[in-house]
1. Go through (1) out of contact with any strand residue (DSSP E or B) (no Cβ under 7 Å at 6 or more places or on another chain); (2) assigned to a loop (DSSP other than H, G, I, E, B); (3) under 22 Å from residue 620 (Cβ atoms) for residue 385 and report which single condition fails.
2. Among (1) surrounded by 14 or more Cβ atoms within 10 Å (Cβ to Cβ); (2) touching a strand residue (DSSP E or B) at 6+ places or on another chain (Cβ under 9 Å), where does residue 612 come up short?
3. If you go through the range 392-420, how many residues are modelled with pLDDT of 95 or more and under 19 Å from residue 486 (Cβ atoms)?
4. Could you tell me which residue of the range 130-161 is surrounded by the most Cβ atoms within 10 Å (Cβ to Cβ), considering only residues that are farther than 27 Å from residue 103 by Cα and out of contact with any strand residue (DSSP E or B) (no Cβ under 8 Å at 6 or more places or on another chain)?
5. Would you point out the residue of the range 611-626, among those that are touching a helix residue (DSSP H, G or I) at 6+ places or on another chain (Cβ under 7 Å) and assigned to a helix (DSSP H, G or I), that is nearest to residue 493 (Cα to Cα)?
6. State the number of residues belonging to the range 367-380 that are surrounded by fewer than 21 Cβ atoms within 10 Å (Cβ to Cβ), out of contact with any helix residue (DSSP H, G or I) (no Cβ under 8 Å at 6 or more places or on another chain) and under 27 Å from residue 334 (Cβ atoms).
7. Could you identify the single residue in 222, 218 that is touching a residue at least 12 places away in the same chain (Cβ under 8 Å), crowded, with 24+ Cβ neighbours inside 10 Å, in a strand (DSSP E or B) and within 20 Å of the chain's Cα centre (by Cα)?
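The values are calculated or read from the model by the stated rules, or taken from the named source; none is laboratory data. All values derive from a computational prediction rather than experimental measurement. Neighbour counts run over all protein chains shown; Cβ positions are idealised from the backbone, glycine included.
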């Protein structure tokens, strides 16, 4: 069943993303119609990674995907809005069926029950255009997937909630491993590119933004061509946009069935489906619907285009023309292999402007007025290259086959939040690009001497400063005395502290009362960017009559460079550390893409190894790391965490406890 609310706010529309109902599975051996995994291409001589094959969707293939989804929607009597994107987030088409609801409502469901009209917080109960929900689902399927894993918006639902896995019987377990990832790829992000409507060089570079962040409402799947992820499909038709609190049951989900019909002939290889991947002993979920649930496929787009509805324009995303996808890995996609002048690493990928130039070339810090001796370009290069080297040796968490190499994105910033360089492995999931930058900036912000000052300057974040100080019994908290990794700040952002222990108070960066928590109202993270989402959705609803949200999220003060310090929102799951020169904070490094412990390790060891390589920089002194902070909880004290590195993480050695003592 679906749950929904009825808080109408089209002129103050806001939203985010998460799931609808259910479980996942299906008993047949080919539950989604996927094909066999292609034989992996061996890496070229002198390299550790193979480049993904150059594949993309044609206009005819986009039409076929739409026709198949439309036919299933007709068979189920659920007129829907259907979106198709390419791998880097370009919207290739949005089809609105006749009779499809024009809006969808963000769920009011909370830990404590259901928020009533007028008592919602965050994004609960918001009414948003169905087109934005469909686009967010499609982007989620494309961005969370790779050549080694196929994740859906149902998978996203499982890994972002307050307990993992989410079910009535798992209350008391820690939160999902990607808790907070729904607030990434935001429409205000300075990293995510925007649709311009004009063809030409750079028009289709990615990653593109999502109108609602990432979604975990079932009905979003990745699309594969010859075993290569080339895009995603998203379906919005039932008017509800929620989160699935119970993974133990199996749902009859019409939106998911419609999306599943759409990807027939272009489904992921069976061997890399989410339900072939385990995290902390829990099998992930891909789909509750199977091919046996589908009606006969409609394959003629001409038969439904017009009689069933039409392709529509969505302001800021598509002009209503069906487009072919842009092939990931090409200059036109904005993500390509680096040149020798950019990185000496033969496997490195970078973000580019579509015309041959890197978007974020390695550079020195911009914050000399604040730190005295900012990071140099040579130090920035050492940090990025050493972290990439650790990544290249590491065993993946969420990739198949087993013992694959980790794939992810690494971002480095200075204390102004300015980007000093970004490097990716060839097949890292796209979502990790924006998220790694969020992580780097978040660790830097919370470790800075001016964290409290900056947070107090915004009405959305000001109350959280006193809450942190009271919670930690430290009137000077957030003034640089302690170094906060994202794992540390994440501890303080959960609806229960310690994480998962029901009956405990919420962390000071979470909602004020744990019973109010939902994936659409998580506390500081969502409060900082709710206004940006409102502005953006009003821009869409007004067809450009009102201004779009500015480039740069949050209402925090601008850096001396004039840009927001947290220009794509904060992140609250692990994978980053601050970088120090002696006892002086000089920046932060973030990693995202292939397991949170792996992300922690790459950022921590990469920083340590860069210090060994070049001298003068490194991790925070152990005496000031956040894991020295003890928080009174009842009759005991709970220590914050800093980083957590996996055991025996490397493919080229049996070494264990690789972070111990550093």
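1. Answer for residue 385: the failing condition is (2).
2. Answer for residue 612: the failing condition is (1).
3. Here the count works out to 15.
4. Among residues in the range 130-161 that are farther than 27 Å from residue 103 by Cα and out of contact with any strand residue (DSSP E or B) (no Cβ under 8 Å at 6 or more places or on another chain), the one surrounded by the most Cβ atoms within 10 Å (Cβ to Cβ) is 149.
5. In this case the residue turns out to be 626.
6. 1
7. Just one listed residue meets the conditions, 222.
For (1) in a strand (DSSP E or B); (2) more than 20 Å from the chain's Cα centre (by Cα), each residue gets a yes or a no:
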site	(1), (2)
537	no, no
555	no, yes
580	yes, yes
586	yes, yes
589	yes, no
606	no, yes
